[in-house]
Every structure is written in C-alpha cells, then in structure tokens.
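Below is one structure, written out as structure tokens, with a few remarks after it.
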Amino acid sequence: MNSVSTGTWNQELFYNVYYKTNLSEEYILFEENLSTKENYVLDFETLELKENEYVTEFYFDFGKVDIGFMENVAPKVYCKVLDNIENETTFINKTETVGNYYEIETRTESKTTTVVYEPEEEHEETLPRTGM
C-alpha cells in the first residue's frame, strides 16, 4: 500500500488511523486526531519498515458517531503490487465496517476482485515534443 486519501465525512469528529504489516500481529498507530472535515493524504511509504515488510491492512477508528454518519468525499487507496506477484494473479480486496450499539456488534463486508496485469508494450517515459 502506498497511500490513502482519507476523504471527508458528514460529522465533525477526530479519528485515528492504524495499520498492520505482514510482520506484525497487532495494529500500530499511524496518525491521530485527524479531522473528519479535512481530506488527508497519508503516505505509508514514509514508515520505517524492515526489509521485506509491507503494509497489509489499515483502519480508521472514528470512535462514537451519530446515526447517519457517512462520507462526503470517498476515501481512496493507492497501492502498488509487489514485484514478485505474477501477471494475471487474482486476489480479493476486502473492506469491513464494524460498529457497536449498546454492546451489540454489527458488521458489513464488501469484496472486490483484482487481477494483476503487465502492460503488453513498453512506453517511453517522456513523451516526444511536438509543435513549434
């Protein structure tokens, strides 16, 4: 995972962002006291990770929200596939939303299938100049 654009939300709160890596069992605090009214770009590439360690999961902890809590601007996740993943490899990205109401936990899950592909042809890094 490279970065996350946090989006904005319809209730004024402060929240924390946590992440997990392929080498950690517990979530680690990444950013705290972020405003739901501001869209942040959180760069996971700034983390000091061990060799061959990478971010596998993250979550936003909003704490207590009121009924009707939702996004105004949708969050976006930017990822780069590991170099050792082969062309046409398929994997599933999962999003899970968890909430508690009077000690009753409720959750919903969404899954998206991703297929890795390599471009068939190489392109020049700089486009040729045209015009006068």
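The values are calculated or read from the model by the stated rules, or taken from the named source; none is laboratory data. Predicted model only: the values in this text are computed from it and were never measured. So basically every Cβ, Gly included, is an ideal-geometry build from the backbone, and we count neighbours across all protein chains shown. The area values use the complete protein model at the heavy-atom level, side chains included, leaving out ligands, DNA and RNA. Shrake-Rupley method; radii C 1.70, N 1.55, O 1.52, S 1.80 Å.
Taken together, the residues in region 68-81 that are at pLDDT 90 or above and more than 17 Å from T6 (Cα to Cα) amount to 1.
Considering region 66-81, and only residues there that are open to solvent by less than 100 Å² (accessible area, probe 1.4 Å) and not in a strand (DSSP E or B), the residue that is farthest from T21 (Cα to Cα) turns out to be G68. Scanning region 32-43 for residues that are of a type in the set (S, T, N, Q) and in a loop (DSSP other than H, G, I, E, B), which turns out least open to solvent (accessible area, probe 1.4 Å)? Going through the qualifying residues, I end up with T36. Pairing residues of region 103-120 that are under 21 Å from N93 (Cβ atoms) with residues that are open to solvent by 100 Å² or more (accessible area, probe 1.4 Å) and among the aliphatic types (A, V, I, L, M), at Cβ distances under 6 Å and at least 6 apart in sequence or on separate chains, gives K111/I92; T113/I92.
Residues checked against (1) open to solvent by less than 90 Å² (accessible area, probe 1.4 Å); (2) assigned to a loop (DSSP other than H, G, I, E, B); (3) modelled with pLDDT of 95 or more; (4) touching a His at 6+ places or on another chain (Cβ under 8 Å):
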site: V17; (1), (2), (3), (4): yes, no, yes, no
site: F30; (1), (2), (3), (4): yes, no, yes, no
site: E45; (1), (2), (3), (4): no, no, no, no
site: K64; (1), (2), (3), (4): no, yes, no, no
site: D83; (1), (2), (3), (4): no, yes, no, no
site: E88; (1), (2), (3), (4): no, yes, no, no
site: F91; (1), (2), (3), (4): yes, no, no, no
site: T97; (1), (2), (3), (4): yes, no, no, no
site: R107; (1), (2), (3), (4): no, no, no, no
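In region 67-88, the residues that are aromatic (F, W, Y) form Cβ pairs under 8 Å with partners that are surrounded by 12 or more Cβ atoms within 10 Å (Cβ to Cβ) and part of a strand (DSSP E or B), at six or more places apart or across chains, as follows: F69/W9; Y78/S3; Y78/V4; Y78/S5. Across region 19-28, the qualifying residues are those that are in a loop (DSSP other than H, G, I, E, B) and among the hydroxyl-bearing types (S, T, Y), and the one among them that is most open to solvent (accessible area, probe 1.4 Å) is Y27. Scanning region 1-51 for residues that are closer than 14 Å to G63 by Cβ and of a type in the set (F, W, Y) turns up W9, F14, Y15, Y18.
Just so you know, in region 109-128 the residues that are of a type in the set (A, V, I, L, M, F, W, C) and under 20 Å from M1 (Cα atoms) include one that is modelled with the lowest pLDDT, and it is V116. Scanning region 50-62 for residues that are open to solvent by 100 Å² or more (accessible area, probe 1.4 Å) and either closer than 24 Å to E118 by Cα or under 19 Å from the mean Cα position of the chain (by Cα) (or both) turns up just one, N52.
Selection of region 3-15 for residues being under 13 Å from V77 (Cα atoms) and part of a loop (DSSP other than H, G, I, E, B) yields T6, G7.
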